[in-house]
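Engineer: One structure follows; several queries about it will come next.
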Amino acid sequence: MTGVIHISSEELSDWADDNYSFSGYSTDLPSLSGDAAPCRLENSGLNRYFVIVIYILVFLLSLLGNSLVMLVVLYNRLSRSVTDIYLLNLAIADLLFALSLPLWAASKVKGWIYGTSLCKFVSLLKEVNFYSGILLLACISVDRYLAIVHATRALTQKRHWVKFVCMGIWGLSLLLSMPIIFSREAIKTEYYGFVCYENFGNSTEKGRLILRILTQFFGFVLPLLVMLFCYGFTLRTLFEAHMGQKHRAMRVIFAVVLVFLLCWLPYNLVLITDTLLRTGLIEDNCPRRHVIENAINTTEVLGFLHSCLNPIIYAFIGHKFRYSFLKILAAHGMVSKEFLAQHSKPSVHGSSSGNTSTTL
C-alpha cells in the first residue's frame with residue numbers, strides 16, 4: 001500500500017485493546033513531528049462493536065430519511081420556499097456523509113485498510129458535512145430574521161439568489177475542510193494495523209494551531225453567533241407580536257437547530273479544549289490527553305448520529321412534510337384520496353414572508 005507511514009513498536013507499546021478507537025484528532029498518538037511528548041494509549045471507553053452497530057443504523061436511517069426529504073422537496077418544485085432549498089442542501093450533505101459510514105464501521109474491525117486516498121476523502125466528507133450544516137442553518141436564521149423582524153419578503157423569496165448562496169456555502173465548506181486533505185494519512189502501526197490519522201509531517205505546532213483556530217472560528221463560532229443573534233431577535237419579535245401561527249411554523253427550524261447543536265456542540269467544545277491544551281493555556285499532561293481523547297471519541301459518535309435525525313424531526317413535527325409525502329403517495333395510487341383528505345394541508349395565517357417552509 002502506497003503513502004503509508006510506519007510507526008515502530010517502541011513508539012506504540014501495550015496499547016492494542018478491543019475497545020480502543022482512534023479519532024482523527026487524537027492527542028495520544030506520539031507526534032510525528034517530534035514536538036509533543038508521547039503518551040501511552042489507553043482504553044477509549046467505547047466498545048468498537050457498539051460503535052459499529054450505531055454507524056450501520058445511522059447509515060440506514062440516513063439513507064432512507066434524507067432520500068425522502070430530497071424527494072418531497074424536489075417534487076414540490078413550484079411551491080418550495082427559500083428555507084426548503086436550504087433544507088434540501090442540508091439533506092444532501094447528510095446523505096453524502098452517511099455513505100461513508102460503512103467504511104468507518106468496517107475500519108473499527110479491520111483497521112483502515114483502504115489507503116490514504118479514501119482516508120482523505122471520507123474525512124473530507126465528515127468536515128464538509130459539519131461546516132455546510134452549520135452554515136446552512138446560519139443562512140436559514142438570517143432568512144427568518146429578514147422575513148419576520150424586517151418583513152423583507154422580496155429579499156428572502158428570490159430563489160436565484162439562494163442558489164448562489166448555496167454554491168458559496170459548499171465552496172466555503174470545502175475551503176474550511178482543506179486542512180484535512182493535506183493532513184490525513186493512512187498510518188501503519190505494528191500492533192493495531194492501519195489507521196486513518198492526522199499527520200502534519202514537519203509542520204510546526206504553531207502552524208497546526210493557527211489552522212485549527214481559523215477553521216473553528218469561521219466554521220463554528222461565527223455561524224453560531226449569527227444564529228444566536230438572528231433567532232434572538234426573531235423570537236422577541238414573534239412574542240411581542242403574538243404571532244401564534246408563526247410560532248408553530250418555526251418549530252421545525254428551531255428543532256433542527258437544537259438537534260444540530262446537541263449533536264455537534266460537544267464535539268467542537270472538546271476540540272476547542274484540545275486546542276487550548278496544545279497552546280499551553282491548559283497544562284499538557286498524559287492524563288489530560290487521555291480524557292480529551294476519550295471525549296473526542298464519544299462526542300464524534302454523537303456528531304455522526306446527527307446525519308439521520310433531521311428527517312425524523314420533519315416526520316414527527318412537520319405537518320407540511322407529512323402532507324407533502326402523502327400527496328406524492330396519493331399521486332402514485334399508493335394511498336387513497338380519502339386518506340389524504342383526512343390529513344389535510346395545514347392552513348397558514350399571516351403574511352407569506354413569515355412562512356418557514358412550504359413543504360417541511
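Every number here is computed from the coordinates shown, using simple stated rules; none is lab data. Here the structure is a predicted model, which is why all the values come from computation and not from measurement. For neighbour counting, all protein chains shown are included, and Cβ atoms are generated from backbone atoms with ideal geometry for every residue, glycine included.
Engineer: What order do you get for Tyr323, Tyr314 when you list them from fewest to most C-beta neighbours inside 10 Å?
Structural biologist: By the 10 Å Cβ count, ascending, the order reads Tyr323, Tyr314.
Engineer: Could you list which residues have their amide H under 5 Å from that of Ile282, counting only those 5 or more apart in sequence or on another chain, with H placed in the peptide plane?
Structural biologist: Amide H neighbours of Ile282, under 5 Å, 5+ apart: Leu277.
Engineer: Now, a different point. How much length is gained on full extension from Ala241 to Lys110, taking 0.36 nm per residue of separation minus their Cα-Cα distance?
Structural biologist: Gain on stretching Ala241 to Lys110: 41.3 nm.
Engineer: How do Trp170, Trp104, Trp112, Trp161 rank when sorted from fewest to most other Cβ atoms within 10 Å of their own Cβ?
Structural biologist: If I rank by nearby Cβ atoms, fewest first, I get Trp161, Trp170, Trp104, Trp112.
Engineer: Arranged by the count of other C-beta atoms within 10 angstrom, fewest first, what order do Ile92, Ile113 take?
Structural biologist: Ile113, Ile92
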